[in-house]
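The values are calculated or read from the model by the stated rules, or taken from the named source; none is laboratory data. What you are looking at is a predicted structure, and each value in this text was computed from that prediction instead of being measured. Glycine also receives a Cβ, built like all others from the backbone with ideal geometry; neighbour counts cover every protein chain displayed. Side chains included, ligands, DNA and RNA excluded: accessible areas come from the protein's heavy atoms. Shrake-Rupley method; radii C 1.70, N 1.55, O 1.52, S 1.80 Å.
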Amino acid sequence: MQARFDPPPESGADEPPAQPNPRRDFLRRGAAAGGLLAATGIGAARATAADADAPLAVPPWTRAPGAPTGGQPYGQPSAFEKHVVRHLRPNDKQYISSSTRSPLQELDGIITPNGLFYERHHGGVPAIDPAEHRLAVHGLVDSPLLFTVDDLRRFPSESHIYFLECSGNPGYNVYGKTAAEANGLVSCAEWTGVPLRTVLAEAGVQSQAKWVVAEGADAAAMTRSIPLEKCLDDALLVYGQNGERLRPEQGYPLRLLLPGYEGNMSIKWLRRLHVTDAPVYSREETSKYTDLMPDGSARRFTFYMEAKSIITAPSGGQRLAQQGFHEIRGIAWSGRGKIARVEVSVDDGATWHDAALQEPVLSRAITRFRFPWNWQGQATVIQSRATDETGYVQPTLEALVAVRGVNGVYHNNAITPWRVAATGEITNARIKAS
């Protein structure tokens, strides 16, 4: 049946009320959007191309068959995306106890691909045969247990989306040139595994138990003390990440995941859970992962990663090619729960405006935010600040330093400001121009 398009009725008292018309409404919204883009200049190239008389050229990849299906047993990114890689810490002379950062400025959505998920190792990445790996649960339990990976996979599993962040992301005196360098020690994934409380219930936790000491099978024997309350809450024994088995650098074949806690506590290559009545004050709880305060005291057991955000586009190392409309985009996260609000300033903090939060907004996961900006070519500083569902507001670096001093190297969740030059070049506003 041919579509029928009736002319609009003449206006008058007898005019019937307008009926819903999905096609008409869609076209009207499209026209309005086109007008906005034209006003900002972003639609100019599209309009010019649409008016051109020349036929659309047939590109070379359309003239011949492409690569065969199954050419690569494990899928790889496009060769045109080969620049999207993890960032290795500059001037790092050794890589046994080191890190790589996620390229935040190149990513979309809230899930970090496994090959781009940040790394932090204290003794290199062990090559573990899962058939030989064991997890011991002992201490203040009724029945000490020894599990294989297959044993653990028989328990009921869960999948959750959570971020993971290194507590040194970044240090107080580390100002990265790009979003990856500035805050790339954070990533977000869908994790699959067994709730730790399930395994502890199998062992039978005794009444005097207060802590669980987790130990890894890497050369550093990474060890952290974890409050029992956390272990019985949302802690997971993870064997899957983003739908596949853990990568070796992420703890294959088994790791602990403590949502919202600093990343070093989510012990990788997990081999032992020792239930105790007190923390053990391991090397990682004394010589590392404590903060020296101005009065000489030390902050210890600062488990939670507080609310934080960063603009990823436009951001350091990028350039605004023209004036007009630009969508400011970024990510926010909090170890305390959901992100409730993100504000953006485009005038060096003089005024703040609410950004739109992009669904889904999940607890203890990365949340995307967006803000429309019409850049007129002026030099300025853009920045974002997050508020989580507890009401906590992300602070400035100056506010943090006023309380903690500059001796600490962990839990810097300060605002990251990007300087926009009149040329469109973006740099970290905390790095002085040479």
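When the residues of the range 392-434 are filtered to those that are in a loop (DSSP other than H, G, I, E, B) and among the β-branched types (V, I, T), the one that is farthest from E181 (Cα to Cα) is T423. Take the residues of the range 104-133 that are charged (D, E, K, R) and touching a strand residue (DSSP E or B) at 6+ places or on another chain (Cβ under 7 Å): which is nearest to I366 (Cα to Cα)? Across the range 104-133, the extreme among qualifying residues is E119. If you check F117, F155 for being of a type outside the set (D, E, K, R) and either open to solvent by 30 Å² or more (accessible area, probe 1.4 Å) or over 28 Å from the mean Cα position of the chain (by Cα) (or both), only one passes: F155. Of all the residues in the range 54-80, those that are open to solvent by less than 90 Å² (accessible area, probe 1.4 Å) and within 30 Å of G184 (Cβ to Cβ) number 3.
Condition test on Y239, is it of a type in the set (S, T, Y), in a strand (DSSP E or B), surrounded by 21 or more Cβ atoms within 10 Å (Cβ to Cβ) and touching a strand residue (DSSP E or B) at 6+ places or on another chain (Cβ under 9 Å)? Yes: the conditions hold for Y239.
Contact map, the range 274-291: first residue within 18 Å of T302 (Cβ to Cβ), second residue of a type in the set (D, E, K, R), Cβ cut-off under 6 Å, separation 6 or more or different chains; pairs are E284/R224; T290/R300; D291/R299.
None of R430, R368 is touching a residue at least 24 places away in the same chain (Cβ under 8 Å) and open to solvent by 50 Å² or more (accessible area, probe 1.4 Å) except R430. Within the range 345-359, residues that are in contact (Cβ under 8 Å) with a residue 12 or more places away in the chain sit with their Cβ atoms under 7 Å from residues that are surrounded by 14 or more Cβ atoms within 10 Å (Cβ to Cβ) and in a loop (DSSP other than H, G, I, E, B), at 6+ positions apart or across chains, in these pairs: S345/W352.
Within the range 355-412, how many residues turn out to be more than 16 Å from the chain's Cα centre (by Cα) and among the small types (G, A, S)? Number of matching residues: 9. All of (1) surrounded by fewer than 22 Cβ atoms within 10 Å (Cβ to Cβ); (2) within 21 Å of the chain's Cα centre (by Cα) hold for V205 with one exception: (2). Scanning the range 270-323 for residues that are of a type in the set (D, E, K, R) and modelled with pLDDT of 95 or more returns R271, R272, D277, E306, K308, R319. Exactly one residue out of I96, I110, I42 is at pLDDT 80 or above, closer than 29 Å to W373 by Cα and not charged (D, E, K, R), and it is I110.
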